[in-house]
Amino acid sequence: MQLTPDDIILLRIWGFPLNATIVNTWIIMALLVGISMIVTRNLRADVPPNRWRTALEVIVQSIQTQIEEITRKSARHVMYFAGTLFLFIALSNLLLVVPGFLPPTASLSTTAALAFSVLVAVPLFGIASGGLVRYLRRYIEPSAIMLPFNIIGEFSRGISLAIRLYGNVMSGAVIAAILLSVAPFFFPVVMNMLGLLTGLIQAYIFSILATVYISSATAESESSGIREYSIPHQSHPPRSGEEQR
Amino acid sequence: MSIDWITVIAQIANFLLLVWLLKRFLYRPILDGIDAREAEISRRMAEAGEAQKKAEASENGYRNLKTQLLTEQDAVIKRALAESEQERDALLADARAKLEQEQKDWHRHLERERTRFISQLQRSGSETLLELTRKALLDLADETLEEAIVRHLATRLRPLAKDLAHAAGSAKEAVVTTRDPLPEAARQKMESELRLLLPDCSLRFTTDSAQSPGLVLRVGGAQVAWTVDSYIDEFDARLDEHLAARSSGRA
């Protein structure tokens with residue numbers, strides 16, 4: 001059983017193997033960028049938006065609203081990062097329904113790369129927000145004894161992100177493959193539909209957690225170590241001091 | 001389950017490239033477009049607000065103007081009504097005065113006409129009465145009125161002979177005045193009668209068209225009148241009474 005698309009070498013360029021993960025990632029990137037370029041060309045303020053532009057505006061504004069509810073401020077750079085995470089993972093997981101398409105998120109290399117990106121982005125956003133000294137000071141708070149634990153906690157967050165996403169996507173693919181061999185007619189369809197739902201949920205969770213981590217780093221830098229951020233809720237407004245992840 | 005580190009590095013590069021590409025082709029255009037549209041909407045809303053303020057100001061101005069015009073219109077109407085009432089009162093007073101004046105003129109005219117008619121009636125009546133008397137006297141007694149007057153006067157003067165002579169004093173002439181010339185027989189009768197009463201006086205006959213029918217004798221400071229004046233006056237009085245009774249009975 002094929003568990004990861006990393007092992008599928010589609011072609012080689014100058015002896016460099018291109019596996020399905022990279023190629024499928026390029027396909028997803030081409031789709032995202034191509035649709036964006038087509039829709040957003042020749043934008044004019046005095047012309048009412050068409051349905052495609054309206055759809056993109058709804059998506060972008062929803063992302064922006066979610067992120068602003070977490071960060072409690074206008075943070076476009078965070079939105080570029082977390083929004084791209086969401087769109088990439090969501091489209092990748094949605095393309096699970098395309099026969100023969102292996103989503104890149106089913107590769108531990110991809111999820112590890114995304115988790116590593118988050119792991120690097122968190123201190124970068126924190127340093128950019130409050131400066132290097134203030135960011136590093138949070139590792140020795142409330143006392144210097146906590147330094148190793150804070151470092152371990154920082155890395156464990158990235159690892160958990162990567163494993164969570166990989167596990168969910170890969171498990172959906174594996175379950176679909178197993179059910180396909182057991183009952184090839186009905187269950188794989190149901191499991192694929194369930195996979196669409198869990199894929200969107202995973203994209204949401206991954207990007208929201210990344211936003212929360214970044215917001216945590218920037219908020220600590222700005223408010224001298226007081227951790228206060230919230231998980232957005234669809235039906236209720238966020239409460240201050242809500243559950244921390 | 002393994003991690004291909006080359007793939008990880010490639011995916012990191014892919015992801016960073018995707019972030020930049022989406023930032024370039026998705027987020028910025030969309031968000032800038034939204035901001036521009038919101039700015040455009042805000043600008044239009046501001047313009048609409050300004051236009052609404054101007055419209056409200058214009059509305060208030062026109063409303064004040066309308067109120068002012070209505071007030072002025074009321075004042076003009078009241079003034080016009082007052083002036084028209086004054087004009088009407090003046091015209092009515094003038095018309096009333098004219099009417100009263102015309103009524104007075106008319107009454108005066110009527111009174112004049114009435115007086116003229118009555119005097120004409122009296123004159124013609126008295127003339128007719130005198131004519132009838134003359135005719136009746138001539139038809140029944142074959143005598144003129146003047147002859148009858150002269151004859152009757154002679155009988156009435158005899159008892160007054162002394163008083164008449166005393167009144168004549170030293171007068172040498174007696175004057176007999178009639179409206180119409182006396183017939184010769186009447187003159188002679190009058191001369192013979194007066195010669196008996198006043199032998200020293202000569203007699204002269206004159207006429208006066210303004211005098212009533214009859215005879216007036218003047219000698220010295222005395223005057224004896226024997227005319228139909230009293231009868232005419234009585235006739236007039238009776239005629240007046242009759243007309244007054246007729247007019248009151250008609251009223």
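The values are calculated or read from the model by the stated rules, or taken from the named source; none is laboratory data. Please read these numbers as outputs of a predicted model, since none were measured by experiment. Positions of Cβ are backbone-derived with ideal geometry, glycine not excepted, and every protein chain shown enters the neighbour counts. Heads up: the accessible areas ignore ligands, DNA and RNA and are worked out on the full protein's heavy atoms, side chains in. Shrake-Rupley method; radii C 1.70, N 1.55, O 1.52, S 1.80 Å.
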- Shielding score for A:29-36, defined as the mean number of other chain Cβ atoms within 10 Å: 4
- Item | Proximal charge balance of B:Thr155 [Cβ under 14 Å; K/R count +1, D/E count -1] | +2
- Query: How large, in percent, is the carbon and sulfur part of the accessible surface of chain B at a probe radius of 1.4 Å?
  - Reply: 56
- Query: Given labels modelled 7 Å from the Cα in the Cβ direction, how far is it in nm from A:Ser143 to B:Thr128?
  - Reply: 16.5
- Going by alpha carbons, how many degrees (0 to 90, nearest 10) lie between the helix axis of B:184-197 and the longest principal axis of chain B? 70
- Note on the structure: In chain A, whole DSSP H helices that both stretch 18 Å or further along their axis by alpha carbon positions and average at least 0.0 on the Kyte-Doolittle scale are A:20-40, A:76-94, A:108-130, A:147-182, A:187-222
- Task: Apply the Karplus parameterisation 6.51 cos²θ - 1.76 cosθ + 1.60, with θ equal to phi minus 60°, to every residue of the range B:122-134 and state each ³J(HN,Hα) to the nearest whole Hz, in sequence, with x for glycine and proline.
- Result: 5, 5, 5, x, 5, 4, 5, 4, 5, 4, 5, 5, 4
- Task: Would you mind giving the mean number of other chain beta-carbons within 10 Å of the Cβ of each residue in A:87-93, as a whole number?
- Result: 1
- Can you list residues whose amide H is under 5 Å from B:Leu203's amide H, if they're 5+ apart or on another chain and H is modeled 1.01 Å from N? B:Ala174
- Note on the structure: So for R0 = 35 Å, FRET eff. of A:Val182-B:Asp35 from the Cβ-Cβ r, to 0.05, ends up at 0.05
- Query: Could you give the dipole magnitude of the protein assembly as shown about its Cα centre, charging the beta-carbon of Lys and Arg +1 and that of Asp and Glu -1, in debye to the nearest 20?
  - Reply: 2540
- Charge dipole magnitude, Cβ of K and R +1, D and E -1 - the range B:144-250, Cα centre, debye nearest 20: 220
- Query: Dipole magnitude of chain B about its Cα centre, charges +1 at Lys/Arg Cβ and -1 at Asp/Glu Cβ only, in debye to the nearest 20?
  - Reply: 540
- Item | chain B: calculated mean residue ellipticity at 222 nm from DSSP helix runs of at least 4, using -39500 (n - 2.57) | -27500 deg cm²/dmol
- Considering only DSSP beta bridges where both residues belong to the protein assembly as shown, give the percentage that are antiparallel (nearest 5). 70
- Query: Of all accessible surface on chain A at a 1.4 Å probe, what whole percent is carbon and sulfur?
  - Reply: 69
- Please give the FRET efficiency for B:Ser230 paired with B:Asp94, using the beta carbon to beta carbon distance and R0 = 56 Å, rounded to the nearest 0.05. 0.65
- Exceeding the 25 Å Cα-Cα cut-off - candidates A:Lys73/B:Lys23; B:Lys135/B:Lys162; B:Lys78/B:Lys98: B:Lys135/B:Lys162; B:Lys78/B:Lys98
- Between the residues A:Leu96, B:Ser124, B:Ser212, the Cα farthest towards the positive end of the dipole of the protein assembly as shown, that dipole coming from +1 and -1 charges on the beta-carbon of Lys, Arg, Asp and Glu, is from A:Leu96
- Task: Would you mind counting up the charge near B:Ile12? Only other residues with Cβ under 15 Å from its Cβ, with Lys and Arg at +1 and Asp and Glu at -1.
- Result: -2
- Add -39500 (n - 2.57) for each DSSP H run of 4 or more in chain A, then divide by its residues: what number comes out at 222 nm, to the nearest 500 deg cm²/dmol? -23000 deg cm²/dmol
- Message: How far apart, in nanometres, would the label points at B:Asp105 and A:Arg72 be if each is projected 7 angstrom from Cα along the Cα-to-Cβ direction?
- Response: 10.9
- In the A-B interface, the accessible area buried, summed over both sides, Å² (probe 1.4 Å): 3500
- Item | Local electrostatic count at B:Ser2 - Lys and Arg +1, Asp and Glu -1, tallied over other residues with Cβ under 14 Å | -3
